[in-house]
1. Provide a single number: the residues in the range 193-212 that are open to solvent by 40 Å² or more (accessible area, probe 1.4 Å) and without any contact (Cβ under 8 Å) to a residue 40 or more places away in the chain.
2. For the range 86-99, enumerate the residues that are of a type outside the set (Asp, Glu) and either under 9 Å from the mean Cα position of the chain (by Cα) or open to solvent by 10 Å² or more (accessible area, probe 1.4 Å) (or both).
3. Of everything in the range 1-37 that's closer than 24 Å to residue 72 by Cβ and polar (S, T, N, Q), which residue is least open to solvent (accessible area, probe 1.4 Å)?
4. Quick check on my filter: what residues within the range 162-212 are among the β-branched types (Val, Ile, Thr), out of contact with any Pro (no Cβ under 9 Å at 6 or more places or on another chain) and outside any loop (DSSP other than H, G, I, E, B)?
5. For residues that are surrounded by 17 or more Cβ atoms within 10 Å (Cβ to Cβ) and within 30 Å of residue 92 (Cα to Cα), tally how many sit in the range 38-58.
6. Does the range 80-101 contain at least one residue that is farther than 29 Å from residue 139 by Cα and either in a helix (DSSP H, G or I) or touching a helix residue (DSSP H, G or I) at 6+ places or on another chain (Cβ under 8 Å) (or both)?
7. Between a first residue in the range 116-130 that is in a loop (DSSP other than H, G, I, E, B) and a second residue that is open to solvent by 10 Å² or more (accessible area, probe 1.4 Å) and modelled with pLDDT under 95, which pairs have beta carbons less than 9 Å apart while being 6 or more apart in sequence or on different chains?
8. Kindly indicate the residue of the range 131-151 that is within 16 Å of the chain's Cα centre (by Cα) and free of Cβ contacts under 8 Å to residues at least 60 places away in the same chain and also most open to solvent (accessible area, probe 1.4 Å) among those meeting that condition.
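The values are calculated or read from the model by the stated rules, or taken from the named source; none is laboratory data. This is a predicted model, so every value here is computed, not measured. Here the Cβ positions follow ideal geometry from the backbone for every residue, glycine too, while neighbour counts run over all protein chains shown. Just so you know, the surface numbers come from the protein's heavy atoms only, side chains and all, with ligands and any DNA or RNA stripped out. Shrake-Rupley method; radii C 1.70, N 1.55, O 1.52, S 1.80 Å.
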Amino acid sequence: IATAIFSKSHGARAIVVDAGHFASEDLQSYLALCELMRERGLKPPELSSAMTLQDVLLACDGEYLTEGLASWKQIPSNSVDFVFSQAVLEHIPVEEFLLTMKECRRVMKPGSIASHTIDLRDHLGEALNNLRFNENMWESDIFKSSGFYTNRIRYSYMMHLFEAADFIVEKTEVLRWNKLPTPREKLALPFRNLPEDELCIKGFDVCLRVPD
């Protein structure tokens, strides 16, 4: 919801897409954010009379959509100037990833830009422990509903999926481990057979462009 506040202060309108209603309901945190922005010379929306999260969104002319892939379908085609995410794409279920990227591409205007930060580490020990499990176990309902689920799509294949969704990859900045943080023999197939250069990528930033 802070995204909607920042967007409004810069003359833009935010549509925030989530996989559920996970936004904080603490209005004091949004009021404190607005005060901090004023101290730094920005002009946030006036939230002093807001009583609910919906009041905050109305003041920002923003939307908060909470049905994941289905939410994208509510956004008109060619209507969005900029898309960004921060450590989100790795959590999209593997079977929904390409569909989600195609929906993202659909709603964006020609020539517009998307910026994503992707964390490929496991979300328990910040290593490759998520690659220890076979696909049937990892993609089971109990694992998917856990707070540590990631889709385990590696860097090279994710680049392929971006291009399959008709994005142009403008730039990437890759972060690497110097050596494998989890022993190769502990990894499940097919990850065990991936090149070390691929497995040592722990995260990356990517800039995607929609063709003009």
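1. Number of matching residues: 4.
2. 86, 87, 88, 89, 91, 92, 93, 94, 98, 99
3. 7
4. Selection gives 169, 172, 174, 201, 206.
5. 3
6. Within the range 80-101, one or more residues are farther than 29 Å from residue 139 by Cα and either in a helix (DSSP H, G or I) or touching a helix residue (DSSP H, G or I) at 6+ places or on another chain (Cβ under 8 Å) (or both).
7. 122/148; 123/147; 123/148; 124/148
8. 147
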